[in-house]
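All remarks here apply to the structure that follows.
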Amino acid sequence: CAKAGGGRTYRLFDVEMDNRLQAKQVMEQDLRQAFVEGQLDLHYQPIISLLEGRITGCEALLRWRHPVHGHIPPAEFVPLAEDIGLIEPIGEWVLHRACREAATWPEGIRVAINLSPAQFNSGKLVDCVSSALSCSALDPGRLELEITESVLLLKNEATMTALHRLRDLGVQIAMDDFGTGYSSLSYLRSFPFDKIKIDRSFVHELGENKQSTAIIRAITGLGKSLESTTVAEGIETIEQLEHLRADGCDEVQGFLLSRPVPAAELKQLLATWHPDRLAL
Ligand code: C2E
Ligand code: MG
Ligand code: MG
Ligand code: MG
């Protein structure tokens, strides 16, 4: 009867919840272990100037190769790390590791590092960045910190103070995933970002969707007025590249130019990159 059926569904649901909870706990344990045992790694993706064709910087991106499940995307484990309070130590490791790596690159090439909102909560971020810079002897002007609007959602004075102190160190601040949040425009008002990264969802629809095409043109115009560099993420086709060039976007990043690659491979790419590659 219907009642029995309902009861069974509930029990199944419980079992499913239980399984999911267990799976999450196992994953948490695995992530803690991964961090301690050095299973986390950084890959780097070049960012290229549309005007000069040269590589201006590289974004450091976390990678986790799980011994059983293989590659687990950061979109899955970064939120998990945030949940269990592990993003702070991981974030600190990323800062030190990426700065040390970038110090070995040719002059003038920056490293871009993603920050989580949780890293602003501890009150230790500015010290942590200073220490990463001094340990690596990296010129602060070569470090770029990427934040999303979720950082500014915290809307507290300590966060704004931290951003300004980072700026005072000589570090650049970029607004990541621009245009996807609830009120990206109002966040541009709260801090003078050095860089605006246009979210790849807009780039994906370039040329196909009139709205996205218009929005990109508007953002690059906005960037010029605000004297912020505009970067488009997720360029996969030559058509997208040509659109962005015509719209006056400053820099591009995407699989068309290079996927994120391990540190050693990046060094090779930096040594052999030729501006002509942008003509494609
Ligand atoms: P994000 O900061 O917006 O990074 C750009 C993402 O776009 C990367 O995904 C990159 O691999 C991907 N991407 C680049 N070009 C293309 C393209 O042409 N097509 C497509 N489809 N994708 C492209 P990834 O590495 O999976 O990272 C996802 C997100 O995880 C990052 O988004 C960032 O929010 C977060 N993340 C990665 N590393 C770190 C980290 O060290 N710390 C923190 N807090 N977050 C990180
Ligand atoms: Mg980013
Ligand atoms: Mg992004
Ligand atoms: Mg993101």
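The values are calculated or read from the model by the stated rules, or taken from the named source; none is laboratory data. Keep in mind that this is a model prediction, so the values were computed, not measured. Ideal geometry is used to build each Cβ from the backbone, glycine not excepted, and the neighbour counts take in all protein chains shown. Accessible surface areas use protein heavy atoms only, side chains included; no ligands, DNA or RNA. Shrake-Rupley method; radii C 1.70, N 1.55, O 1.52, S 1.80 Å.
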Can you tell me which residue within the range 160-186, out of those that are more than 20 Å from Leu143 (Cα to Cα) and within 16 Å of ligand 1 (Cβ to nearest atom), is least open to solvent (accessible area, probe 1.4 Å)?
Ser184
Quickly run through the range 242-273 and pick out the residues that are farther than 23 Å from Arg97 by Cβ and touching a residue at least 40 places away in the same chain (Cβ under 8 Å).
Leu244, Arg245, Cys249, Asp250, Glu251, Val252, Gly254, Leu257
Single residue of the range 135-150 satisfying the filter (within 16 Å of ligand 3 (Cβ to nearest atom) and crowded, with 20+ Cβ neighbours inside 10 Å) that is modelled with the lowest pLDDT:
Glu149
Mind checking which pairs have a first residue in the range 46-71 that is within 18 Å of Glu265 (Cβ to Cβ) and a second that is surrounded by fewer than 13 Cβ atoms within 10 Å (Cβ to Cβ) and among the charged types (D, E, K, R), Cβ under 6 Å, 6 or more apart or different chains?
His71/Arg65
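Residues are listed down the side, and each one gets a yes or a no for (1) surrounded by fewer than 13 Cβ atoms within 10 Å (Cβ to Cβ); (2) aliphatic (A, V, I, L, M); (3) part of a loop (DSSP other than H, G, I, E, B):
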{"position": "Leu241", "(1), (2), (3)": "no, yes, no"}
{"position": "Arg245", "(1), (2), (3)": "no, no, no"}
{"position": "Val252", "(1), (2), (3)": "no, yes, no"}
{"position": "Ser258", "(1), (2), (3)": "no, no, yes"}
{"position": "Glu265", "(1), (2), (3)": "no, no, no"}
{"position": "Leu269", "(1), (2), (3)": "no, yes, no"}
{"position": "Arg277", "(1), (2), (3)": "no, no, no"}
Contacts under 7 angstrom Cβ, first residue in the range 136-149 being within 16 Å of Leu115 (Cα to Cα) and of a type in the set (Val, Ile, Thr), partner modelled with pLDDT of 95 or more and assigned to a helix (DSSP H, G or I), 6 or more apart
none
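Report the residue count in the range 83-134 for those that are of a type in the set (Lys, Arg) and surrounded by fewer than 17 Cβ atoms within 10 Å (Cβ to Cβ). Explain how you work it out, then say what you get.
Pass one, the range 83-134, residues of a type in the set (Lys, Arg): 97, 100, 110, 124.
Right, trim to surrounded by fewer than 17 Cβ atoms within 10 Å (Cβ to Cβ) and you get 100, 124.
Qualifying residue count, the range 83-134: 2.
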Might you let me know whether the range 130-143 holds any residue that is within 26 Å of Arg165 (Cα to Cα) and in contact with a Pro (Cβ under 6 Å, 6 or more places away or on another chain)?
yes
Of all residues in the range 41-65, which are surrounded by 15 or more Cβ atoms within 10 Å (Cβ to Cβ), assigned to a strand (DSSP E or B) and away from ligand 2 (no atom under 16 Å from the Cβ)?
Ser49, Ile55, Trp64
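Condition first: free of Cβ contacts under 8 Å to residues at least 12 places away in the same chain and either within 14 Å of ligand 4 (Cβ to nearest atom) or in contact with a Ser or Thr (Cβ under 9 Å, 6 or more places away or on another chain) (or both). Now tell me which residues in the range 192-208 satisfy that.
If we filter the range 192-208 for residues that are free of Cβ contacts under 8 Å to residues at least 12 places away in the same chain, which is where we start, we get 205, 208.
Selection gives Glu205 alone.
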Have a look at Ile90, Ile113, Ile109 and point out the one that is under 30 Å from Ala271 (Cβ atoms), of a type outside the set (Asp, Glu), within 18 Å of the chain's Cα centre (by Cα) and more than 15 Å from ligand 1 (Cβ to nearest atom).
Ile109
